[in-house]
1. Can you compute the equivalent ellipsoid semi-axes for segment B:97-145, i.e. the square root of 5 times each eigenvalue of the Cα gyration tensor, sorted largest first and rounded to whole Å?
2. When the accessible area of chain A is split by element with a 1.4 Å probe, what percent falls to carbon and sulfur?
3. Dividing the convex hull volume of the alpha carbon atoms of segment B:1-130 by its residue count, what do you get in Å³ per residue?
4. B:F191 label point, 7 Å along Cα→Cβ, cut-off 18 Å on backbone N: hits in segment A:43-85?
5. If one takes the accessible area of chain A alone plus chain B alone and subtracts that of the pair, with a 1.4 Å probe, what total in Å², rounded to the nearest 100, results?
6. Rounded to the nearest 10 degrees, what's the angle between the helix A:112-122 long axis and the longest principal axis of chain A, both from Cα atoms, 0 to 90?
7. With both bridge residues required to lie in the protein assembly as shown, what share of the DSSP beta bridges run antiparallel, to the nearest 5%?
8. log10 I(q)/I(0), Debye, Cα-only segment A:113-223, no solvent, q = 0.17, 0.19 Å⁻¹?
Amino acid sequence: MNTAIEMPPKGQQHSAETIIQISKLNKWYGDFHVLKNIDFHVNKGERIVLCGPSGSGKSTLIRCLNRLEEHQQGNIVIEGVELNDNISNIEKIRSDVGMVFQHFNLFPHMTILENLVLAPTLVRKMPLADAEEMAMNYLARVKIAEHSHKYPGQISGGQQQRVAIARSLCMNPKVMLFDEPTSALDPEMIKEVLDVMVELAEDGMTMVCVTHEMGFAKEVADRVIFMDSGEIVEENDPHSFFSNPQVDRTQAFLSQILGH
Amino acid sequence: MSDMTETALRTFTPQPALAPPKELKGAVHWARANLFDGGLNTVLTLLSLLLIVSVVPGLVRWGLLDAVWQGDSEACRVEGVGACWSFIGANFRILMVGIYPVEEIWRPVLSFLLLLGVIWLTVSRRVRGIRMVAFWLVLPFIAYWLIGGGYLGLPEVDQSRWGGLMLSLLLAAVGIIVSVPLGILLALGRFSDSPVIKISCVSFIETIRGVPLITILFMASVMLPLFLPEGMDVNNLLRIQIGMILFSSAYMAEVVRGGLQAVPRGQTEAAKALGLPYRHIMFYVVIPQALRHVLPPLIGRCIALFKDTSLVLIVGLLDFLGMLKSSTQDSEWLGFEAESYVFGAFVYWLVCYSMSRYGQHLESAGPKNNH
């Protein structure tokens, strides 16, 4: 059921270096087959939006990419390293793949700055002073530097999510994964987070986003992938995807979320 | 009308808040609302007042006004005097350190100051993270070395001469310092993927929790030497200390387990996603949050352990309570049990209440999480 159409990348020309390669991926929760024969790849600099109805397996798929979920069949290769039971492979991939969660998941007992420097100092063995300088740069980029000594509970949801993005960036990731980053936000805070994501895309970051923000998909995605019942149903560039969906399930989904 | 709405929109200022009505303030209102609201509460209030009036004046007269503060035992035996606090003064050294050699008393005092120093460093957040843990874990060894001596030029003081509050504090402090990390390890072991580790931890915890402390103390004191190989000599005090640590760590483990379960899964996931290895996830992300969740019961366990040290009297150690008891049998000071035990109760209360207050301070000082 794979109607992938090879499209030339939108915008500037990307090098065709593959960062994520997934083949014949299968996953079960008990008897429930959540991911069915997923094949897809992400090139360096590509922005991919994964969408689909809830329960379609898109979050599970993105969480397989850094082994927060274990797959049972198939291969995931990221930056030439295969994700398998080898814990040092897993930790290598996790340190190179950033992830932003729906509920931010900042560490509430640490200040914003401590949240940011934790992984660089422990995993990258960066001296604390260097890590703090870098962290302050990223905080300035997400426009939150003045809150660096507050605790996560003291700032708004939108601010927390921007901090979470900065925290991932501090590990200098090759790919950023976004798992519904705006779904838990109040409406007036969605834009500030999307703005940061758009900026990140413009800087050439490789991104895989699970999101219902179709405006964001239209604006920055190179490819939109539509999933349903654990399968990739349709995969296309955003213009064709929105104006001319090929499969009726995609049409039904789009008319539901764009219909009002 | 529409003109007015527009003006109002442009220059909206909230109305000033009004003061509450007079009936809501003042001592009379407070008493009426809290002490005399309804028949039952009025009766209870009057009964309590009666109790206070009948007990407190006598207590104050005995303990403060008519009390003897100095002089020898003869001064206390005069007709009509109250509490004999000079008894405490005369026995103070024995109560504090037992029959520890006088010329070496600086050693337990220094250990106590070190304990206060580490507490201060922790409370004032001058040391944190790994360094704080290291300070705490080194402290028991230094304390045992300072008090016991025998190495590095310090003359040995046999453990039969240790006693009094020093012994109680030593047993409790070392017990707490060692059993908290041990309890954390046991709690983590309960969640281990390895069935061997998991089953060992669960059976240890459940076995210890099924046995009264006094049994463990008897086993440590009496039975353990029978199992030890010939020539291996662990002294009585150390065996009892180890018994208390094992007992306490099983309870700590159960407290910490509750805390671990209260840390949201997203925290571990976020830490994993950053590439942190398991030990760092636990040490920096999960355990600090878990401990904060269970601070009240954890402090409660510490207080209980301090009070439980009084049980070592039964296996022949003269801790604070032991010294209180034996000093009343001093021929010169025979018959001052009330003073002895009131003073003992006061000291136990002082230590426990300080721990409890510190726990409350920690709870309110921690950063608040908004979800």
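1. On the way: eigenvalues 132, 24, 7 Å².
Rounded to whole Å, the semi-axes are 26, 11, 6.
2. 50
3. Expressed per residue, the convex hull around the Cα atoms of segment B:1-130 is 358 Å³.
4. Once the point is set 7 Å along Cα→Cβ of B:F191, A:68-70 turn out to lie under 18 Å by backbone N, inside segment A:43-85.
5. Working: alone 11970 and 22570 Å², together 32310 Å².
Buried surface at the A/B interface: approximately 2200 Å².
6. 80
7. The antiparallel proportion sits near 50 percent.
8. The calculated log intensity ratios at q = 0.17, 0.19 Å⁻¹ are -0.82, -1.00.
The values are calculated or read from the model by the stated rules, or taken from the named source; none is laboratory data. The structure displayed is predicted, hence computed values, not measured ones. Cβ sites come from the backbone with ideal geometry, for glycine too, and all protein chains shown count toward neighbours. These accessible areas exclude ligands, DNA and RNA; they are computed on the full protein's heavy atoms, side chains included. Shrake-Rupley method; radii C 1.70, N 1.55, O 1.52, S 1.80 Å.
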